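Novice: Below is one structure. I have some questions about it.
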Amino acid sequence: MSQVKAVNVEIQVVLGRSQLPMQQLLRMGRGAVIPLDATVNEEVWILANNHPVYRGEIQINEDRISIAVTREANVYDYMAGGGQ
């Protein structure tokens, strides 16, 4: 069990998704804005090694941003594009 506890897991938080034409992506530079399909109070996806495991809410405390876990993720919702 101690070996399992020593394994590192990459955690990612997905704020939203967007589809852009490659031409538009190649023209982007510093300061470009990419619109996302998410809204302000929408839950974010929490991934472990690229696999959705939880949903969460963004929290801002002073100058720190964190994610509060709200519930388990539904992998089928994630694969379908993020439907609630």
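The values are calculated or read from the model by the stated rules, or taken from the named source; none is laboratory data. Quantities reported herein were computed from a predicted structural model and do not represent experimental measurements. As a convention, Cβ positions derive from the backbone with ideal geometry for all residues, glycine included, and neighbour counts pool all protein chains shown. Ligands, DNA and RNA are excluded from the accessible area calculation, which covers all protein heavy atoms including side chains. Shrake-Rupley method; radii C 1.70, N 1.55, O 1.52, S 1.80 Å.
Novice: Search the structure for amide H atoms under 5 Å from the amide H of A38, placed 1.01 Å from N in the peptide plane, and list their residues when 5 or more places away or on another chain.
Specialist: Close amide H contacts, sequence-distant or interchain: R17.
Novice: What's the FRET efficiency of V9 with D77 using the Cβ-Cβ distance as r and R₀ = 22 Å, to the nearest 0.05?
Specialist: The computed FRET efficiency comes out at 0.55.
Novice: What accessible area, in Å² to the nearest ten, does a 1.4 Å probe give for D77?
Specialist: Here the residue's solvent-accessible area equals roughly 40 Å².
Novice: Mind giving me the FRET efficiency for N49 and Q24? R0 is 30 Å, r the Cβ-Cβ distance, nearest 0.05 is fine.
Specialist: 0.50
Novice: Using just the C-alpha positions of the chain as equal point scatterers, what log10 of I(q)/I(0) does the Debye formula give at each q in 0.14, 0.19 1/Å?
Specialist: -0.64, -0.99
Novice: Output wanted: per-residue J couplings in Hz (rounded whole) for segment 4-11, from phi through Karplus 6.51 cos²θ - 1.76 cosθ + 1.60, θ = phi - 60°, x for Gly and Pro.
Specialist: After applying 6.51 cos²θ - 1.76 cosθ + 1.60, I find 5, 5, 8, 6, 7, 10, 7, 9 Hz.
Novice: Apply the Karplus parameterisation 6.51 cos²θ - 1.76 cosθ + 1.60, with θ equal to phi minus 60°, to every residue of segment 45-57 and state each ³J(HN,Hα) to the nearest whole Hz, in sequence, with x for glycine and proline.
Specialist: Per residue, the Karplus-derived 3J(HN,Hα) values read 8, 10, 10, 10, 6, 6, 10, x, 10, 9, 10, x, 10 Hz.
Novice: Under a Cβ-only charge scheme (Lys and Arg +1, Asp and Glu -1), can you give me the dipole magnitude of the chain about the Cα centre, in debye to the nearest 20?
Specialist: Here the size comes out at about 280 debye.
Novice: For the chain, what is the calculated [θ] at 222 nm in deg cm²/dmol (nearest 500), taking -39500 (n - 2.57) for each run of four or more DSSP H residues and dividing by its residue count?
Specialist: About -3500 deg cm²/dmol.
Novice: Determine the relative contact order of the chain: mean sequence separation of Cα pairs under 8 Å and six or more apart, normalised by residue count, in whole percent.
Specialist: 24 percent
Novice: Next up: For I65, I34, give the ranking by accessible area with the largest first, probe 1.4 Å.
Specialist: Of I65, I34, the descending order of accessible area is I65, I34.
Novice: Same structure again: Quickly rank 1-7, 46-52 as a protection proxy: mean count of other C-beta atoms within 10 Å, highest first.
Specialist: 46-52, 1-7
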